[in-house]
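The next block holds one structure in the form of structure tokens; read it before the comments.
Just so you know, all these numbers are worked out from the coordinates, no wet-lab data involved. Nothing here was measured: the structure is a model prediction, and the numbers come from that model. Cβ coordinates were reconstructed from backbone atoms using ideal geometry, including for glycine residues, and neighbour counts include every protein chain displayed.
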Amino acid sequence: MNCQQLVNEYVDWLRNKITVADVKGGCEITTPFLDRHNDHIQIFVVPTNSGVRITDDSYTISDLKACGCQIDTPNRQRILETILNGFGVRRNGDELYIEASMKSFPEKKHSLLQAMLAVNDMFMTSKQRVATLFLEDVAQFLDQNDVRYLENVEFTGKSGFTHRFDFAIPKSKVQPERLIRAVNNVTKDAATSLLFAWTDTREQRSPDSQFLVLLNDSEKEVKHDLLSAFQEYHVIAVPWSRRMQHIHELAA
């Protein structure tokens, strides 16, 4: 497998699928990424005195509220702030935004898109588990099984993009470094983004590093083709219902 070719093809796909329109002195950018309504995610770029402001125009949080998912508890507020801080994204009311110079625009735009996807994913909770978020479940699972880990770590990939992982388990005498992402809503877009993040990152890490994705299947079964896609790229995909079968890969 030619890893660099995979990265190049992904970047080319992004470039070809993005559309731009002039809107009120700024730019409306339509990306190929889909939200949970299968609508293309849009961001807006507005000029400022020092560069540009990249914003979701309050769409992400407003849409969650409209669907009945209120960010109205201290726990949800804390999780939201953790996500945004991890990507360097700010919040003004319902608006998510990030400031950038012309030079830093590509990376900052990428960070905002990742934050929008992460916020959307983190708050898609089942009705039976309204008070619990999947990422919190994963952290509790790791704690209960005495797994030593770092939270919310970032690595720069070969492309120069920065990728965030929810957890990192340091190398031990018997196991290599393990990076983990917790995915609450398993979609083709989410899988594509994860595979790019791993493919782009792993050449910069130790050759024996591993990537695990913990997939929430408590409400619906993970599609077989998505599991096959992860396997094809040597990613350990772990449905949440079968997590205990993989505890040896985490705790050692």
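Axis of helix 188-202 versus longest Cα principal axis of the chain: the two differ by about 70°, to the nearest ten degrees.
For the chain, the longest principal axis of the Cα atoms and the long axis of helix 105-122 meet at an angle of about 60 degrees.
Contact order for the range 134-251, expressed relative to its length and based on alpha carbon pairs under 8 Å spaced 6+ residues apart, stands at 24 percent. Rounded to the nearest 20 debye, the dipole size of the range 134-251 about its Cα centre is 280 debye, using +1 on the Cβ of Lys and Arg and -1 on the Cβ of Asp and Glu. Taking the alpha carbon gyration tensor of the range 134-251, multiplying each eigenvalue by 5 and rooting it gives semi-axes of 20, 19, 13 Å, largest first. Separation of the range 1-42 from the range 194-252 is 25 Å, based on Cα centroids. Note on 57, 225: ascending count of other Cβ atoms within 10 Å places them as 225, 57, the fewest first. Applying 1/(1 + (r/R0)^6) with R0 = 35 Å to the Cβ-Cβ distance of residue 171 and residue 34 gives a FRET efficiency near 0.45. For the chain, the spread of Cα coordinates along the three principal axes comes to 56, 44, 32 Å, biggest extent given first.
Exposure proxy ranking for 214, 64, based on other Cβ atoms within 10 angstrom of each Cβ and starting from the fewest, stands as 64, 214. Taking a straight line from the alpha carbon of residue 24, these lysines sit under 20 Å away, with near neighbours fewer than eight places off in the same chain left out: 109. Placing dummy labels 7 Å off each Cα toward the beta-carbon, the span from residue 81 to residue 223 is 3.8 nm. When shorter helices are ignored and each DSSP H run of at least 4 residues is given -39500 (n - 2.57), the per-residue value for the chain at 222 nm works out to -11500 deg cm²/dmol. Taking a straight Cα-Cα cut-off under 20 Å and skipping sequence neighbours fewer than 8 places away in the same chain, the lysines within cross-link reach of residue 103 are 158.
How do 240, 13 line up, fewest other C-beta atoms within 10 Å first?
Ranking 240, 13 by Cβ neighbours within 10 Å, fewest first, gives 13, 240.
For the range 23-83, the list of trypsin sites (Lys or Arg not before Pro) that fall in a loop by DSSP and count at most 10 other C-beta atoms within 10 angstrom reads 24.
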